[in-house]
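The values are calculated or read from the model by the stated rules, or taken from the named source; none is laboratory data. Fair warning: this is a prediction, and the values are worked out from it, not measured in the lab. We place every Cβ from the backbone using ideal geometry, glycine too, and count neighbours over all the protein chains shown. We work out accessible area using only protein heavy atoms, side chains counted, and drop any ligands, DNA or RNA first. Shrake-Rupley method; radii C 1.70, N 1.55, O 1.52, S 1.80 Å.
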Amino acid sequence: MRDVDLVFRTMFAELAQQTLDAQWQSDFPLEGRFVTVPVKGKDYFYFDIPTPQGKDKRSYVGPATDPEIAARVRRHREIKDNIKERRRLVSTLLRSGGMSAPDRFAGDVTKALADAGFFRLRGVLVGSVAYGCYSGVLGVRLPTTAMQTGDADLAMDFAISQEVDDSLPPILGILEAVDPSFRAVPHQADKARVTAFVNRTNYRVEFLTGNRGSDEYTGKPSPMPALGGASAENLRFLDYLIYEPVRTVLLHREGVSVNVPAPERYAVHKLIVASRRLTDALGRAKRNKDLLQAATLFEAMIQTRQGDLLADAYQEAWDRGASWQEGLAAGIALMPDNGKEALAGALGVEVNALGKG
């Protein structure tokens, strides 16, 4: 695959910075103030803004130990937004830089959630919409055939949702502003809870969280105080995927500042997911896309000389135990040869040694 030219990689980095600045300015207007609040022995930044009722509205900002957040707090009043310039950068990256945009509807859904504060509350965009961001993150032109999607998957760590002491507005209202036909889908295991929303064309928006407990929680929704009344589907292996996500930009409209999984974790996770897909027609189609995305990212990591990060991510997953090893081995067996060769190169082993410890 072709590298993105340096001029466009630089442009993408500039857009990511400007988009985060704009989101920051939207989330934290000048009339408010930042405060430091201790929570369970750790300091966090919150933002207080006056209300007509005379009581400040408090919003979560992030850990006080995060140097990027601390720097932004210090220079809050210096941040300026130039929406026209951001639109120009997005247009140039798509037209001349060889990067890809999400389909317009997926972009509108993601932007609505970003504007409501989902990524400020440390939510993570996962699935194929997130995959589309990796061209800019890695600096390579990824094939668009691996980006097709009919839904939006969004994840949040359960502990973060419990501890941030802040929440999105009602999720259904956010989505109805994009398309009034969205409706809540009661969870099969608990009709009182909702983890997914669907519109009249069956576009599905689903919220996920990691299940690090016993198998009895699998298939049951978890209450998520930060998700505006929505719950999240418990999934095995998801905590690995969303650990230390990457801040980047979705090339939609004037750019949308989002959190996505680290590309090496996304790729390794896709191997496991592929091995657990159903064997019906839809399951096979999803499995093939999982494997194509994993193989493509493995190649991209090698091409951009980041094989060490891929090797570390793979080893961490392998060391998590038998069920992880079984999923990795099964996914590798199904993966195209180019993916196997790239992964073997990152690990420094022969292809026939993959999945054997």
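Compactness ratio of segment 269-357: Cα Rg over 2.2 N^0.38 Å, N = residue count?
Computed over Cα atoms of segment 269-357, the ratio equals 1.02.
Within 10 Å, count the other beta carbons around each residue, average over each peptide in 112-125, 274-287, 170-183, and list them highest first.
The peptides rank, most packed first, as 112-125, 170-183, 274-287.
Here are labelled values, [x] 23.3; [y] 21.3; [z] 22.2, and one is the computed Kirkwood radius over Cα pairs in Å for what I pasted. Which one?
Working out Kirkwood radius over Cα pairs in Å from the coordinates points to [y].
To check my understanding: the extent here is largest minus smallest coordinate of the Cα atoms along each principal axis. What are those three numbers for segment 24-73, in Å, largest first?
Cα extents, longest axis first: 32, 24, 11 Å.
Rounded to a whole number, what % of the accessible area of the chain do carbon and sulfur atoms account for, probe 1.4 Å?
Details: 8250 of 16670 Å².
Using a 1.4 Å probe with all protein chains present, the chain comes out at 49 percent carbon and sulfur.
Under 5 Å between amide H atoms, partner at least 5 residues away or on a different chain: which partners does LYS220 have, H built in plane at 1.01 Å?
Correct list: ASN234.
On C-alpha positions alone, give me the angle between the axis of helix 83-95 and the longest principal axis of the chain, in degrees, nearest 10.
Roughly 10 degrees, rounded to the nearest 10.
Going by amide H atoms built from the backbone, whose H comes under 5 Å of the H on GLY62, apart from near neighbours?
Excluding prolines and chain starts, which carry no amide H, the hits are PHE45.
Report the charge-dipole magnitude of segment 2-96 in Debye, nearest 20, computed about the Cα centre from +1 at each Lys and Arg Cβ and -1 at each Asp and Glu Cβ.
160
Just to be sure I understand: with springs between alpha-carbon atoms less than 10 Å apart, which residue in ALA230, ALA130, ALA13 has the highest mean-square fluctuation in the Gaussian network model of the chain?
ALA13
Measuring from label point to label point, each 7 Å out along Cα→Cβ, what is the ASP115 to GLN25 span in nm?
Distance between label points: 1.6 nm.
Put a dot 7 Å past each Cα toward the Cβ at THR144 and ASN288; how far apart are the dots in nm?
So the label points at ASN288 and THR144 sit 1.9 nm apart.
Calculate one ³J(HN,Hα) per residue across segment 249-266 by plugging θ = phi - 60° into the Karplus curve 6.51 cos²θ - 1.76 cosθ + 1.60, and present them in order as whole Hz with x for glycine and proline.
Coupling constants for segment 249-266: 10, 8, 7, 9, 6, 8, x, 10, 6, 9, 9, 10, x, 4, x, 5, 6, 4 Hz.
In deg cm²/dmol, rounded to 500, what helix-only [θ] at 222 nm does the chain give when every DSSP H run of at least 4 residues adds -39500 (n - 2.57) and the total is split over its residues?
The helix-only estimate for the chain comes to -13000 deg cm²/dmol at 222 nm.
If the viscosity is 0.692 mPa s and the temperature 37 °C, what Stokes-Einstein diffusion coefficient in µm²/s follows for segment 100-259 when Rh is the Kirkwood radius over Cα pairs?
Stokes-Einstein gives a translational diffusion coefficient of 206 µm²/s.
Find how much the distance from ARG95 to ALA333 grows on full extension, using 0.36 nm per residue of separation minus their present alpha carbon separation; answer in nm with one decimal. Intermediate results must be reported in sequence, preceding the final value.
Numbers: separation 238, 0.36 × 238 = 85.68 nm, distance 3.74 nm.
Extra length available between ARG95 and ALA333 comes to 81.9 nm.
How long are the three semi-axes of the equivalent ellipsoid for segment 2-96, computed from the Cα gyration tensor as the root of 5 times each eigenvalue, in whole Å, largest first? Don't skip to the end; give the middle numbers.
On the way: eigenvalues 213, 58, 17 Å².
Computed over segment 2-96, the values are 33, 17, 9 Å.
Once the dipole of segment 1-122 is set up with Lys and Arg at +1 and Asp and Glu at -1 on Cβ about the Cα centre, which of ALA22, THR65, PRO52 lies farthest towards its positive end?
PRO52
Treating the angle as unsigned and between 0 and 90°, give the value, to the nearest 10°, between the Cα long axis of helix 337-347 and the longest Cα principal axis of the chain.
70
Using 0.36 nm times the number of residues separating LYS191 and ARG320, minus their current alpha carbon distance, what extension gain do you get? The partial results should precede the final answer.
Numbers: separation 129, 0.36 × 129 = 46.44 nm, distance 3.33 nm.
Contour length minus Cα-Cα distance gives 43.1 nm.
Under the 0.36 nm per residue contour assumption, what length would be gained going from the current alpha-carbon distance of ASN352 and ARG75 to full extension?
94.4 nm
Per residue, how large is the accessible surface of segment 90-186? Use a 1.4 angstrom probe and give square angstrom. Present the calculation step by step, with values, prior to reporting the outcome.
Numbers: 3380 Å² over 97 residues.
Per-residue accessible area for segment 90-186 comes out at 35 Å².
Just tell me which lysines come within less than 20 Å, Cα to Cα, of LYS340; anything on the same chain fewer than 8 places away is out.
Straight-line reach from LYS340, under 20 Å: LYS270, LYS286, LYS289, LYS356.
If contacts are Cα pairs under 8 angstrom and at least 6 residues apart, what is the relative contact order of segment 246-357 in percent? It would help to have the intermediate numbers written out before the result.
Numbers: 139 pairs, mean separation 30.4, N = 112.
About 27 percent, as a whole number.
Net charge within 12 Å of SER59 by Cβ-Cβ distance, Lys/Arg positive one each and Asp/Glu negative one each, not counting SER59 itself?
-1
Using a probe radius of 1.4 Å on heavy atoms only, what accessible surface per residue do you get for segment 262-356? Whole Å² is fine.
46
Under 23 Å between alpha carbons, and skipping anything fewer than 8 positions from LYS191 in its own chain: which lysines qualify?
LYS220
Using only alpha carbon pairs under 8 Å that are at least six residues apart, calculate the relative contact order of the chain and give it in whole percent. Provide the component values of the computation, followed by the final result.
Values: 620 pairs, mean separation 52.3, N = 357.
Once divided by the residue count of the chain, the mean separation gives 15 percent.
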